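Written below as structure tokens is the structure these notes are about.
The values are calculated or read from the model by the stated rules, or taken from the named source; none is laboratory data. This one's a predicted model, so the numbers in the text were calculated from it and none came from an experiment. Please note: Cβ atoms are built from the backbone with ideal geometry, for glycine as well, and neighbour counts cover all protein chains shown. Heavy atoms of the whole protein, side chains included, go into the accessibility calculation; ligands, DNA and RNA do not. Shrake-Rupley method; radii C 1.70, N 1.55, O 1.52, S 1.80 Å.
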Amino acid sequence: MPKTYADINAKIQAGKAVVVTAEEMIGIVEEDGAAKAAERVDVVTTGTFAPMCSSGAMLNTGHTTPRMRFTKVWLNEVPAYAGLAAVDFYIGATELPENDPRNRNHPGLFSYGGAHVIEDLIAGRDVRMVAEAYPTDCYPRQDLETLINIGDLNQAYLLNPRNAYQNYGVAVNLNEDRDIYTYMGVVQADLGSASFCSAGQLSPMLNDPYYRTIGIGTRLYLGGGVGYVYFQGTQHNPTEARAENGVPMGGAGTIGVVGDMNQMRSDLVVGVSMYGYGVSLALGLGIPIPILDEDMARYTAVKDEDIVAPVLDYSREYPYREGGPLGHVSYAQLKSGHIEVRGRKVPTTPLSSYVRAQAIAEELKEWIQAGEFLLSQPAELLPSADSGQGFKSLNERPFNNGGVV
Amino acid sequence: MADRRIVMHFPPTMIDEPIISGLVKTYDLGFNILRASITPQQEGVMVLVLEGTEDALDAALRDAQEKGVRIEPLEMEIVRDEDKCTECGACVNICPTEALAIDLQTRHVTFDPDKCIACELCVPVCPPRAMQIAL
Ligand code: SF4
Ligand code: SF4
């Protein structure tokens, strides 16, 4: 018999819910079958810990005396976006200090950026803030230099437009001579390595391939605290090709998430430097999946063997959008330490920490078992495979005549 | 016989010259290339162990330096900041000696300082910069 969110939450509150991780669910469904597993298990927890570039923090410092409407803000020399109301500003994870040499001396080091500011704030470290403004009658002040600390802010929350990518491509390098420096790490020349970045069978959206339980309002684990899905993520692409088990065969669904940074931990929200590429935010995220029926039991029992990812050449085909995948490989193959591409054995480089993903799924499980974390029924589900929503590319329309059409 | 662990930096103009084989022949050396790569500025970087008598090694390195090769000994110590390491595994393929390795069963990433030759290749590659040069 199908269960409702209310049934499951009642069990959680009574301390009677059966909660297992997505890894544990594999064995349960293999042994008991999906029907029995659906009766027995109430919630499956998932987890992932990986660089997620499309992340950032919304901050509000409270008003200065005299008042000021920030027009430009820097945090530890990293620019933030202040084109909002007076003392609201947003710092993006990939932003760099203006004087960072970037890739001028390639490959650049990218030692510090927006993601590191976010990590510093979460760690409770003071951050140097500089702000500029033009004066108005209501906001006369023009400049500010101060230390700020997360404890003194009105709000500090992560507001990440695209996280938890449902599957992702595997990066290889067909260039025979040159290592390449990408957001997938250093990819070694001449099929010298293959980078992948997904927790596979533990990954949140791979355990609910059609988003039957994930949508606006889904309560989740974010950086060690509680967060929520606020909308579909940018580039959410539910119509990506799917395997027979419903699992997308490449990057597909994404979620926009929000969560209070005051609850987070700096070992789960980590500024990272991608050599020769830039700065990103490595983030821990986990979603609890209610086992409403037999289908959900089957979906959450997905295993690495049954999830495939496309192998893409990042030396040419990916950046210039030429050609297609060189093939598909499963996460079981990726995690075996090497894959085969064009008949050659290529060692694999993981970017996503499976050990941390396991720890997140485990911690979320404990929260639910302890009755501290209830599941939320989404106000609206994410667009799914039947939505017709695809993945557009920019149709460039150059303008001449000074933009007069 | 002695061995030297060194990093050789070749200027762009020299990349195609068979420097190493020349040195090996002239000074009767043994060698083991741990890693070689060419940077985008076309500088060649090679981490290698050379074996030979002390005199031959000195002469060979002097010879190479005169030809324009920059040579650095490998003598720093590399440490891993365990609090910073996320055990992602991004460093594993870069490491020439398997001092950094991933356990394929548990997915834990281990660092064995005894196997580390301090080539520093992992230092900029580690995303949270957990691999550090101890001075
Ligand atoms: S790349 Fe750095 S963080 Fe990742 S496993 Fe290696 S040492 Fe740890
Ligand atoms: S410095 Fe890093 S890459 Fe080099 S041997 Fe030691 S651990 Fe391996």
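Does B:Thr86 fit the bill of being within 16 Å of ligand 1 (Cβ to nearest atom), crowded, with 19+ Cβ neighbours inside 10 Å and outside the structural domain of B:Glu17 (by TED's automatic domain parsing)?
yes
Okay, residues lined up against (1) open to solvent by 20 Å² or more (accessible area, probe 1.4 Å); (2) more than 30 Å from A:Arg219 (Cβ to Cβ); (3) of a type in the set (Asp, Glu):
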{"residue": "A:Ala131", "(1), (2), (3)": "no, yes, no"}
{"residue": "A:Cys138", "(1), (2), (3)": "yes, yes, no"}
{"residue": "A:Leu174", "(1), (2), (3)": "yes, yes, no"}
{"residue": "A:Thr182", "(1), (2), (3)": "no, yes, no"}
{"residue": "A:Ala194", "(1), (2), (3)": "no, yes, no"}
{"residue": "A:Gln201", "(1), (2), (3)": "yes, no, no"}
{"residue": "A:Leu206", "(1), (2), (3)": "no, no, no"}
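So that you can scan it fast, the table gives a plain yes or no per residue for (1) at the interface with another protein chain (Cβ under 9 Å from one of its Cβ atoms); (2) at pLDDT 95 or above; (3) in a strand (DSSP E or B):
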{"position": "A:Leu158", "(1), (2), (3)": "no, yes, yes"}
{"position": "A:Tyr165", "(1), (2), (3)": "no, yes, no"}
{"position": "A:Leu174", "(1), (2), (3)": "no, yes, no"}
{"position": "A:Tyr181", "(1), (2), (3)": "yes, yes, yes"}
{"position": "A:Val186", "(1), (2), (3)": "yes, yes, yes"}
{"position": "A:Ala189", "(1), (2), (3)": "yes, yes, no"}
{"position": "A:Ser198", "(1), (2), (3)": "no, yes, no"}
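Residues that are free of Cβ contacts under 8 Å to residues at least 24 places away in the same chain, within 29 Å of A:Gln263 (Cβ to Cβ) and either assigned to a loop (DSSP other than H, G, I, E, B) or within 27 Å of the chain's Cα centre (by Cα) (or both): does the stretch A:93-110 have at least one?
yes
Suppose we filter B:Arg129, B:Arg80 for residues that are open to solvent by 20 Å² or more (accessible area, probe 1.4 Å), closer than 20 Å to A:Asp179 by Cα, touching a residue at least 24 places away in the same chain (Cβ under 8 Å) and of a type in the set (Lys, Arg); which single one remains?
On inspection, the qualifying residue turns out to be B:Arg129.
Would it be correct to say that A:Leu158 is surrounded by 16 or more Cβ atoms within 10 Å (Cβ to Cβ) and either in the same structural domain as A:Gly217 (by TED's automatic domain parsing) or within 25 Å of the chain's Cα centre (by Cα) (or both)?
yes
Check A:Ala297 against each of (1) open to solvent by less than 10 Å² (accessible area, probe 1.4 Å); (2) in contact with a Ser or Thr (Cβ under 8 Å, 6 or more places away or on another chain) and name the one condition it does not meet.
Going through the list (1) open to solvent by less than 10 Å² (accessible area, probe 1.4 Å); (2) in contact with a Ser or Thr (Cβ under 8 Å, 6 or more places away or on another chain), A:Ala297 breaks only (2).
Filter the stretch B:102-121 down to the residues that are more than 10 Å from chain A (Cβ to nearest Cβ), surrounded by 12 or more Cβ atoms within 10 Å (Cβ to Cβ) and either assigned to a helix (DSSP H, G or I) or touching a Phe, Trp or Tyr at 6+ places or on another chain (Cβ under 9 Å) (or both) and list them by number.
B:Lys115
Quick test for you: out of B:Val45, B:Val92, B:Val125, B:Val109, pick the one residue that is touching a strand residue (DSSP E or B) at 6+ places or on another chain (Cβ under 9 Å) and modelled with pLDDT under 95.
It is B:Val45.
Among the residues of the stretch A:1-19, which ones are open to solvent by less than 50 Å² (accessible area, probe 1.4 Å) and charged (D, E, K, R)?
Hit for the stretch A:1-19 is A:Lys3, nothing else.
Please state which of the following conditions B:Glu98 fails to meet, knowing it meets all the rest: (1) touching a strand residue (DSSP E or B) at 6+ places or on another chain (Cβ under 8 Å); (2) within 9 Å of ligand 2 (Cβ to nearest atom).
It is condition (1) that B:Glu98 fails.
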